[in-house]
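The values are calculated or read from the model by the stated rules, or taken from the named source; none is laboratory data. Owing to the predicted nature of the structure, the values given are computational and were not obtained by experimental measurement. Here the Cβ is made from the backbone with ideal geometry for all residues, glycine too, and neighbour counts use every protein chain on show.
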Amino acid sequence: MTTASPDKFIDGRAIAALIHRELAQRVAELRKRGTVPGLAFVRVGEDPASRVYVGRKEKACADLGIVSQTHVLPEKTPETELLSLIAQLNADPRLHGILVQAPLPKPIRESVVYAAVLPHKDVDGFHPINVGKLMLGDATGFRPCTPAGICELLVRSQVSTDGAEVVILGRGNIVGKPMAALLCQKGAGANATVTLCHSATRDIAAHCRRADILIAALGVPEFVKADMVRPGAVVIDVGVNRVEGRLVGDVDFAEVLKVAGKITPNPGGVGPMTIAMLLQNTVRAAELAL
């Protein structure tokens, strides 16, 4: 068994619970003003992970007093039918947010689907307008949930990003790219020097060892080893991988724990924060609707 000081762990569950309490006050205020936040989930097919994720989000909404509805479409649903449903949800004034759960079965084009959600209901932060606002540093847009959650983890764990060397592993549209955009902005919780590594990066380990903050979002089980981490660095594990029936992250947790200054457990690190940011975006959308 690996033991470590509790100070090493960045507890995503505890920080998410604090955010939920803050949001509960905002939901109560909205209700006083006659508005109940509403969020629609759309799932296409029966992907097991998607079913679990949507279920967790539904429960979080219920706990907070957000009214949610879930629409499940068959695997073979045509893209046109999915877009028609999104148009109906866009037009429903009771709904302040719409989340289309990824992955979507082929040949449905995720980019087309995300662009179909109205920007002011895009609580996932994937609409091109919200992506553009993120790149411009325009805070009026919705931030994508996982990168926003990581920023909250760092700020609320007193991890300074100001001038820090941050290395992000993975250039995906959901985590890697928006994460880099958020951390290089001017302002609190940002102001970092960011290196974005990917499959074509030469000597990834050398980049990792330079990092004050290392964020792993590659989708490769236990890719980050102890010898890739500078002693005392902060390590954020975004990965969710199933290996021989168990869930593991992109970080070899037991080994990296020995050298990291702070580290997110997996599960219990980034995952709860992603849901907390979804709820935060939904509550904000309801507030803006007033």
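With the checklist (1) farther than 22 Å from Gly163 by Cβ; (2) touching a residue at least 24 places away in the same chain (Cβ under 8 Å) in hand, flag the one item Ala205 doesn't pass.
(2)
Output the qualifying pairs, or none if there are none: Cβ atoms under 6 angstrom, residues six or more apart or on different chains, first residue in region 106-118 and at negative phi, second residue surrounded by fewer than 19 Cβ atoms within 10 Å (Cβ to Cβ).
Ile108/Glu79; Ala115/Pro128; Ala116/Leu83; Leu118/Asn90
Identify, please: which residue in region 75-105 is in contact (Cβ under 8 Å) with a residue 12 or more places away in the chain and among the acidic types (Asp, Glu) and is, among those, surrounded by the fewest Cβ atoms within 10 Å (Cβ to Cβ)?
Here the answer is Glu75.
Within region 140-247, considering only strands (runs of 3 or more DSSP E) that don't extend past its boundaries, which have at least 2 residues that are among the hydroxyl-bearing types (Ser, Thr, Tyr) and out of contact with any Lys or Arg (no Cβ under 7 Å at 6 or more places or on another chain)?
It comes to 193-197.
Could you give every pair whose Cβ atoms fall below 7 Å, whose first residue belongs to region 252-273 and is part of a loop (DSSP other than H, G, I, E, B), and whose second residue is hydroxyl-bearing (Ser, Thr, Tyr), counting only separations of at least 6 or pairs across chains?
Hits for this filter: Leu257/Thr2.
Out of the residues in region 84-113 meeting the condition of being of a type in the set (Lys, Arg) and within 24 Å of the chain's Cα centre (by Cα), tell me which one is farthest from Gly172 (Cα to Cα).
Of everything passing the filter in region 84-113, Lys106 is farthest from Gly172 (Cα to Cα).
Here's the yes/no breakdown for (1) aliphatic (A, V, I, L, M); (2) within 20 Å of the chain's Cα centre (by Cα); (3) surrounded by fewer than 17 Cβ atoms within 10 Å (Cβ to Cβ); (4) at pLDDT below 95:
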position	(1), (2), (3), (4)
Thr2	no, no, yes, yes
Ile10	yes, yes, no, no
Ile15	yes, yes, no, no
Arg33	no, no, yes, no
Tyr53	no, yes, no, yes
Asp63	no, yes, yes, no
His71	no, no, yes, no
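Among the residues of region 173-200, count how many are within 20 Å of Asp237 (Cβ to Cβ) and surrounded by fewer than 16 Cβ atoms within 10 Å (Cβ to Cβ). Before you say what the answer is, go through the steps one by one.
Filtering region 173-200 for residues within 20 Å of Asp237 (Cβ to Cβ) gives 173-180, 182-183, 189, 192, 194-199.
Keeping just the survivors that are surrounded by fewer than 16 Cβ atoms within 10 Å (Cβ to Cβ) gives 173, 198-199.
Summing the residues that are within 20 Å of Asp237 (Cβ to Cβ) and surrounded by fewer than 16 Cβ atoms within 10 Å (Cβ to Cβ) in region 173-200 gives 3.
Pick from Ala192, Ala285, Ala200: which is among the small types (Gly, Ala, Ser) and closer than 30 Å to Gly38 by Cβ?
The unique qualifying residue is Ala285.
Output the residue which, of all residues in region 130-172 that are over 15 Å from the mean Cα position of the chain (by Cα) and acidic (Asp, Glu), is farthest from Ile236 (Cα to Cα).
Per the stated criteria, the residue is Asp138.
Search region 20-41 for residues that are part of a helix (DSSP H, G or I) and pair each with any residue that is at pLDDT 95 or above and of a type in the set (S, T, N, Q) when their beta-carbon atoms are under 8 Å apart and the residues are at least 6 apart or on different chains.
Pairs that qualify, where the first residue is part of a helix (DSSP H, G or I) and the partner is at pLDDT 95 or above and of a type in the set (S, T, N, Q), are Leu23/Gln280.
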